[in-house]
Amino acid sequence: MPPDLSAHLSHLPLGTVEYYETIGSTNDLASERLASGAPDLTLIISDEQTAGRGRQGRSWHTPRNAALAFSAVLRTPPNSPPWAYAPLGALAVHDALADFGLKPAIKWPNDVLISGKKVCGVLAEAYWQGTSLLGVVLGIGINILPEAVPAGELLFPATSVAEEVPGPVNRWHILTMVLEHLIRRRARIGKTDFLTAWEDRLAYKGQTVVVGGQRGLLLGLTTEGSLRLQTNEGEKTFAAGEVSLRPEISL
Ligand code: BT5
């Protein structure tokens, strides 16, 4: 593990921290660790991913020396709502980037944008034992340098932290800040201020967007984290995982 990385993380209440120069997907290894009983806040961090995953079978590009890619094993308390973990990751990244003076926004449900471009993707995967939630693997990918942004056609325009902040950026410092926010915010899951914080940081609020082929005004969130849209046929709600969102402007 890079000494600089251990020094940054030393004050945090983490489980085991594993660092790799290259790996398939940090989420895959973290799910193995979850299954084999790894403690809460076990972290798998990799410089490069050769099979980084997005949602619904999409891929996530993580070349060498350019990105921050990690997955956290989260042991979930009883009755914890599984849908809260992707926004937990997005909130933590949002607030960490805001600490650098940036003005990020969360593109519902799980992307973090800067200047309207995607800088981070979150992949939360829930693992069940029968009907009880065993835990969640929370995977976070942040583009640090411009090389992290894949060349060619993307679902959504993308950027990197270095393109947005003046001066050098240390990815382990960003990781530390994300983890600090994550640990703090996690205690608020299930409370109204968790939803309010998410809603306050949503991109395109009050603007026309297209969700699952439906056009409408983005109103906010339901108490279960679904998106509320005012369409011509009245108010509709969309659960995360079923649909993706884009601003009307990109049509
Ligand atoms: C996501 O999926 O945005 C979730 C990405 C989660 C990645 C982390 S990295 C650590 C952990 N280990 C993993 O294997 N995954 C997690 P989605 O919303 O489905 O977006 C995927 C789409 O984003 C792709 O189809 C591309 O169009 C685009 N994309 C791929 N790599 C990108 C990048 N580095 N920056 C911006 N866009 C990217």
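The values are calculated or read from the model by the stated rules, or taken from the named source; none is laboratory data. As the structure is a computational prediction, the values presented were derived from the model and not from experiment. Every residue, glycine among them, receives a Cβ derived from its backbone with ideal geometry; neighbour counts consider all protein chains shown. The protein model used for the area step is the full one, side chains on, heavy atoms only, and it has no ligands, DNA or RNA in it. Shrake-Rupley method; radii C 1.70, N 1.55, O 1.52, S 1.80 Å.
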Computed over the Cα atoms of region 104-251, the Rg and Dmax in Å are 16.6, 49
Those residues of region 196-235 whose amide nitrogen sits under 14 Å from the label point placed on F156, 7 Å along Cα→Cβ: 201-205, 209-212, 227
Treating cross-link reach as a plain straight distance, find the aspartates and glutamates whose alpha-carbon is under 15 Å from the alpha-carbon of K236, omitting any fewer than eight places away in the same chain. E224
Given a 1.4 angstrom probe, I'd like the percentage of the accessible area of the chain that is carbon and sulfur, rounded to a whole number. 51 percent
Counting only the backbone N, which residues of region 19-43 are under 16 Å from the spot 7 Å out from the Cα of N65 toward its beta-carbon? 21-22
At 1.4 Å probe radius, can you tell me the per residue accessible area of the chain in Å²? 45 Å²
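Using DSSP loop states and a limit of at most 11 other Cβ atoms within 10 Å to flag GluC sites (Glu not before Pro), what is the longest stretch of the chain containing no flagged site?
That would be 1-152.
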At q = 0.16, 0.25 Å⁻¹, work out log10 I(q)/I(0) for region 190-238 with the Debye formula, treating every Cα as an identical point scatterer and leaving solvent out; two decimals please. -0.42, -0.89
Evaluate the charge dipole of the chain about its Cα centre and quote only its size in Debye, nearest 20, assuming +1 on the Cβ of each Lys and Arg and -1 on the Cβ of each Asp and Glu. 480 debye
Region 152-185 and region 11-73 have their Cα centres apart by a whole-number Å value of 16 Å
Connecting every pair of Cα atoms under 10 Å apart in the chain and solving the GNM, the largest mean-square fluctuation among L97, L219, L43 falls on L219
For G116, what is the net charge nearby, where nearby means another residue's Cβ is under 12 Å from its Cβ and Lys, Arg count +1, Asp, Glu -1? +3
Rg/Rg_ref, the chain, where Rg_ref = 2.2 N^0.38 Å and atoms are Cα: 0.97
How about region 40-147: which trypsin sites (Lys or Arg not before Pro) there are in a DSSP loop, with at most 13 other Cβ atoms within 10 Å of their Cβ? R58, R64
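Using only C-alpha atoms and all pairs of different ones, pull out the Kirkwood radius for region 8-72 in Å with one decimal.
Averaging 1/r across every pair of different Cα atoms and inverting gives 12.2 Å.
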Any aspartates and glutamates whose Cα falls less than 18 Å from that of K103, other than same-chain ones fewer than 8 residues away, would be D95, D111, E163, E164, E199, D200
By a straight-distance test (C-alpha under 17 Å), which lysines pair with K107 as possible cross-link partners, with residues fewer than eight away in the same chain excluded? K117, K118, K205
Taking the Cα atoms only, what angle lies between the long axis of helix 85-99 and the longest principal axis of the chain, rounded to 10 degrees? 80 degrees
Within-15-Å neighbourhood charge of F194 [Cβ basis; K, R +1; D, E -1]: +1
In region 147-201, which trypsin sites (Lys or Arg not before Pro) fall in coil by DSSP and have 16 or fewer other Cβ atoms within 10 Å? R188, K191
